[in-house]
Amino acid sequence: MGQRVARTEGGIAYASTGSGPPLVYVGGWVSHLELSWALPAERAFYDALAQGRTLIRYDKLGCGLSERTPPDRYSMAQELDALDAVTGDLERFDLIGTSLGAAVAATFAARQPQRIQKLILYGGWLDGSRVASPAIRTHVLGLVAQHWGLASGLLADVFAPEADAGTRAAFVRYQQEAADAETARTMLAAAYATDLTEVLPAIAAPTLVVHRDRDRAAPLSEGKKLADAIPGARFEVVAGRSHLPYIGDTGALTRAIRRFLGLPARHRGSGPALTARQREVAALVAEGCTNRQIGERLGIAERSAEAHVERIRLRMDFRSRAQIAAWYVATAAN
């Protein structure tokens, strides 16, 4: 299943995959459309959502492939403008938001009820100030601002404790490539400051709130409060400790989402794979080798090395060497 990437006039990069009625996805943390497509676990999650739907995702301003000049400060209005720009041509669509993206999706659904068919919120909360104690919030925000490399490792442990070694290593690098320290700190501070108490009663769309029972980043109690505040919302608990939806038991989560959308159980396909030689080439790409250096290391012509890289790119539906490198890091340690 291929991914198609484009940009709005305002510089917001968005990607679509699959076919069928639109399902718009609002992520909750820093993102990078290309690198996320290279992580097997994340890509498999999106493929599951896209079976029977056209899944539309986007990078927020300051992140990934979108305009990287970060805003002076985060605002919900800015988030809603970005979502509006990405969905401008859609009259009605299903909307899913995860983590901080759940707050964005819920607010959008409350303000534009005529456009939302069904709303799905995963890993969200009613009041961000209750997600962690003041001392922990201060510590994490300071660490992100002062030592983004160290903080990205800490956040990987909090967001994805069930990730295998390769996926964790790739996600640590992925966060740093997706946004700079100030953008990451601003988004995290916004998560802690979000309060949806006044917003949620205006939601009219049928709503599913899903939460993992031992989510380390967002307490289950906050997910329950979120569901209780939305008229008629269904609350469903799935097992797991990871906050990232594509880590851990994704099967239970995707089944809950697809069932709510009226979709059949997904077909479990296998992701693209490489030959032994192609994995050797991918390993050298991950080391930062040029085509000439790859040829020298493997004893082949530079043009042959270039051809191997191109075949990897086409087989994996990648657009860049950075995606090849990210994929290799995520799979090499497993």
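Since every read-out is calculated from the coordinates, none of them should be taken as a lab result. Just so you know, these numbers come straight off a predicted model, no measurement behind them. Backbone-built Cβ (ideal geometry, glycine too); neighbour counts: all protein chains shown.
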* Asked: Calculated from the structure, Cα extents along the principal axes in Å equals which of (1) 57, 53, 42; (2) 66, 44, 40; (3) 74, 50, 31?
  -> (2)
* To do: Determine the equivalent ellipsoid of region 276-316 by diagonalising the alpha-carbon gyration tensor, then write out the semi-axes as square roots of 5 times the eigenvalues, largest first, rounded to whole Å.
  => 14, 11, 9
* Structure fact -> quick note, the chain, DSSP beta bridge pairs, % antiparallel (nearest 5) is 35
* Roughly how many Å is it from the Cα centre of region 241-281 to that of region 77-99, as a whole number? -> 24
* Sorted by packing (mean other beta-carbon atoms within 10 Å per residue), highest first, where do 130-141, 175-186 land? -> 175-186, 130-141
* aspartates and glutamates within cross-link reach of K224: Cα-Cα under 12 Å, excluding same-chain residues under 8 positions apart? -> D127, D213, E236
* region 1-68 to region 148-227: how many Å between their Cα centroids? -> 17
* If you add up the charges near L208, with Lys and Arg at +1 and Asp and Glu at -1, over every other residue whose beta carbon is less than 13 angstrom from its beta carbon, what do you get? -> +3
* In the chain, with Lys and Arg counted as +1 and Asp and Glu as -1 at Cβ, which of these residues, C63, A103, A276, has the Cα nearest the positive end of the dipole, that is, farthest along it? -> A276
* Starting at the first residue of region 7-14, write each ³J(HN,Hα) from the Karplus equation 6.51 cos²θ - 1.76 cosθ + 1.60 with θ = phi - 60°, in whole Hz, x for Gly and Pro. => 9, 7, 4, x, x, 9, 7, 9
* **Burial ranking of peptide ranges 15-27, 107-119 (average Cβ count within 10 Å, highest at the top)** => 15-27, 107-119
* Inter-site label distance for R68 and E162 at 7 Å from Cα along Cβ, in nm -> 3.4
